[in-house]
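Here's the structure we're looking at; comments come further down.
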Amino acid sequence: MAGSIEAIYVSANHGEPKASIPRAELRAKVGLVGDRYAGHGVVSIIEAEAVEAFNETTGLSVSPDETGRNVVTRGIRLNDLVGRTFRLGEATCKGFELCEPCLVLGSRLASTSVRPHEVVKAFTHSAGIRAHVVASGQISAGDVVTEHLTA
């Protein structure tokens with residue numbers, strides 16, 4: 001099972017829009033260096049395909065950065081990585097939970113035609129995962145994402 005990193009987003013402060021960056025450092029016990037959640041040892045990841053499916057289902061035009069996730073992947077089913085160790089570029093991570101959508105996200109993405117609870121329903125079980133950074137490394141757009149197989 002392999003995919004790739006499509007984009008990386010950070011926001012230094014609460015309330016600021018996420019900025020796209022071409023490369024970043026994932027640091028064990030810290031997380032994504034430069035992001036407001038650095039220090040928690042966690043990174044949030046979402047599939048580009050899930051955002052595209054959400055847009056198709058709702059008729060909205062949400063971009064991946066608007067989901068609040070840090071890393072956007074393509075070609076790998078992230079839900080399957082919960083409880084598993086995987087490589088994200090040069091870093092090693094372990095998925096620990098689904099990033100289930102909440103009404104905060106629902107309210108942020110809602111429109112006059114799509115209400116907040118409909119946003120939550122459309123993203124349920126497909127809004128990405130959270131993963132602990134267990135070994136530090138650089139990540140860049142285009143890097144490979146693979147499940148770490150152990151003997």
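Descriptive notes on the structure:
- Residue list for the range 62-77, restricted to those being modelled with pLDDT of 95 or more, under 17 Å from L105 (Cβ atoms) and open to solvent by 60 Å² or more (accessible area, probe 1.4 Å): none
- Single residue of L103, L109 found to be aliphatic (A, V, I, L, M), at pLDDT below 95 and open to solvent by 40 Å² or more (accessible area, probe 1.4 Å): L103
- The set of residues from the range 49-75 being outside any helix (DSSP H, G or I) and under 12 Å from the mean Cα position of the chain (by Cα) comprises G68, R69, N70, V71, V72, T73, R74.
- Cβ pairs under 8 Å, 6+ apart, first in the range 111-125 and farther than 17 Å from P64 by Cβ and in contact (Cβ under 8 Å) with a residue 12 or more places away in the chain, second aliphatic (A, V, I, L, M) and exposed (fewer than 14 other Cβ atoms within 10 Å of the Cβ): P116/L103; H117/L103; V120/L103
- The requirement of being surrounded by 15 or more Cβ atoms within 10 Å (Cβ to Cβ), at pLDDT 95 or above and over 12 Å from I129 (Cα atoms) is satisfied by R87.
- Every residue from the range 3-37 that is open to solvent by 40 Å² or more (accessible area, probe 1.4 Å) and either farther than 23 Å from R74 by Cα or in a loop (DSSP other than H, G, I, E, B) (or both): A12, N13, H14, G15, E16, P17, P22, K29, V33, G34, R36, Y37
- Criterion: basic (K, R) and either modelled with pLDDT of 95 or more or under 11 Å from the mean Cα position of the chain (by Cα) (or both) - qualifying residue of R36, R23: R23
The values are calculated or read from the model by the stated rules, or taken from the named source; none is laboratory data. Predicted model only: the values in this text are computed from it and were never measured. We place every Cβ from the backbone using ideal geometry, glycine too, and count neighbours over all the protein chains shown. Heads up: the accessible areas ignore ligands, DNA and RNA and are worked out on the full protein's heavy atoms, side chains in. Shrake-Rupley method; radii C 1.70, N 1.55, O 1.52, S 1.80 Å.
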